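Written out below as structure tokens is the structure these notes cover.
The values are calculated or read from the model by the stated rules, or taken from the named source; none is laboratory data. Predicted model only: the values in this text are computed from it and were never measured. When the accessible area is computed, the model is the full protein with side chains, heavy atoms only, and any ligands, DNA or RNA have been set aside. Shrake-Rupley method; radii C 1.70, N 1.55, O 1.52, S 1.80 Å.
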Amino acid sequence: MCPLQVVMKHCKQRCVLGLQYYSLNQQVKQKEAELAEKSLLLIDLERELSEKKEQLSKTRDIAKRLQNEAKRTTGDMNKFPPEKQKVIKQLPSTLEELDAMIADVQARMDLIYVDNDRAVMDEFKERAARIEKLEKKMAGNNAAQTAHKDEISQLRDSWLPPLQEIIDKVNQQFSSYFRQMKCAGEVTLRVPPNPDEFENYGIGINVKYGDNKPMKELTTFQSGGERSVATVLYMLALQELSKAPFRCVDEINQGMDADNERKVFELVVKAACRPNTPQYFLLTPKLLPDLLYTERMAVHIVHNGPYMVEHSKWNPDSFLTTRREFSDED
């Protein structure tokens, strides 16, 4: 074979190989493009698979929670009678089938009821509607009650602290008077366990007469004289806070022993004779001798009886003259 033929043969082979290379190169690019597309599809499928797994996990959690709630509601199924367990096991396993079963049972129930039964159902529905209406009304009443309680609480907070301050001031004066008599006493505001029961609020007065006696509430447990002492001292304590043109006490010293009567009388005199205090009238059929009197006091003696002279014949000067004459004779 001549050299030219050899060259032509090699050129032909080179062209064939070039065409094969181009064809193979195109196939490689096509496969690479398909591979890239498949890779993207694989990524989408993996992401979708992950979402499905997450959704499946959430669905299982919800199903487990609902199952636990159903068990708590119905109790342990193993404790049910066998016939009920059999009925429960025959129930549908999906929500759609269960809804369809409920609809079918409701339809059969509607077919079974006759006119009288429908009247019963109508009455039941009417009562159910009334119950719903009453529940809404009750909810409104509860809201109104809550608002009223808040209003009551605000009003109570507006007067209770000032009232407590007044009681504290009365207690200070009351305790001070009792200490001067070598006794003990206190005034407190009695608040009920339920602060909204305003009718059960009250004033508590506790007293103690003697060092060896306990503090007790002022009741019929004390003697009449002891209660009279506490009453007078409580009135004196109130006098420091209340304003009145005059005060009048009738036979307050009755039942007191001489020592307490003398001490109480001195406290009344000191309290009533201070400047800028109202008049104090003490009415009594008797008084102890040698009591404390001041220039700011006036003593009025009322004479009355079947042997009393007429008022027109009443002459104090004549009485004093007669008294002096009897004194001179003595």
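If one computes P(r) from the Cα atoms of the chain, what percent of pairs lie at distances over 31 Å?
73 percent
Quick check: residue separation of Val87 and Arg60 times 0.36 nm, minus the Cα distance between them. What number comes out in nm?
Length difference between fully extended and current span is 7.2 nm.
From largest accessible area down, sort Phe198, Phe326; use a 1.4 Å probe on the protein chains.
Listed by decreasing accessible area, they come as Phe326, Phe198.
For each pair in Lys182/Lys213; Lys182/Lys216; Lys9/Lys29; Lys182/Lys208; Lys243/Lys270, compute the distance between the two Cα atoms and list the pairs where it is over 19 Å.
With Cα atoms farther than 19 Å apart: Lys9/Lys29.
Leaving ligands, DNA and RNA out of it, rank Lys208, Lys29, Lys313 by accessible area with a 1.4 Å probe, largest first.
The residues order as Lys313, Lys29, Lys208, largest area first.
Step by step: find N for the range 171-330, compute 2.2 N^0.38 Å, then divide the Cα radius of gyration by it. What's the final number?
My calculation over the Cα atoms of the range 171-330 gives 1.37.
Between Thr322 and Gln26, what length in nm is gained on full extension when 0.36 nm per residue of separation is reduced by their alpha carbon distance?
90.3 nm
Using only alpha carbon pairs under 8 Å that are at least six residues apart, calculate the relative contact order of the range 231-330 and give it in whole percent.
On the way: 53 pairs, mean separation 28.8, N = 100.
Computed over the range 231-330, the figure is 29 percent.
Given the options Leu287, Leu45, Leu189, which has the most mean-square fluctuation in a GNM of the chain, springs set between C-alpha atoms less than 10 angstrom apart?
Per the Cα network of the chain with a 10 Å cutoff, Leu45 tops the list.
Quick one: accessible surface of Trp159, probe radius 1.4 Å, all protein chains present, in square angstrom to the nearest 10.
90 Å²
Filter the DSSP H helices in the chain by two things, a Kyte-Doolittle mean of at least -1.0 and an axial alpha-carbon span of 24 angstrom or more, and list the hits by number.
Membrane-span-like by this criterion, though nothing is claimed about a membrane: 3-74, 95-112.
Averaging sequence separations of C-alpha pairs under 8 Å and six or more residues apart, then dividing by the length of the chain, give the relative contact order as a whole percent. Each step should come with its number before you reach the end.
Working: 171 pairs, mean separation 26.1, N = 330.
Taking the mean separation of contacting Cα pairs over the length of the chain, I get 8 percent.
Roughly what % of DSSP beta bridges within the chain run antiparallel, to the nearest 5?
On the way: 9 of 14 bridges.
Antiparallel bridges: around 65 percent, rounded to the nearest 5.
Taking springs between alpha-carbon atoms closer than 10 angstrom, which of Glu240, Glu54, Glu132 fluctuates most in the Gaussian network model of the chain?
So, out of Glu240, Glu54, Glu132, the one fluctuating most is Glu54.
Please work out the Kirkwood hydrodynamic radius for the range 42-193, using every pair of different C-alpha atoms, and report it in angstroms with one decimal place.
Taking every pair of different Cα atoms in the range 42-193, averaging 1/r and inverting gives 24.8 Å.
Specify the residue with the greatest mean-square fluctuation among Leu41, Leu218, Leu267, computed from a Gaussian network of the chain linking alpha-carbon atoms under 10 Å apart.
Top of the fluctuation ranking is Leu41.
Sorted by accessible area with a 1.4 angstrom probe, largest first, how do Ile43, Ile205 fall?
So, going from the largest accessible area down, we get Ile43, Ile205.
Could you give P(r) for the range 291-330, binned at 5 Å from zero, as whole percent values over all Cα-Cα pairs?
5, 15, 16, 18, 19, 21, 6, 0
Could you state how much accessible area Asp150 has, in square angstrom rounded to the nearest 10, with a 1.4 Å probe and all protein chains kept in place?
Around 80 Å² of this residue is reachable by solvent.
Heavy-atom accessible area of Arg130 with all protein chains present, probe 1.4 Å, nearest 10 Å²?
140 Å²
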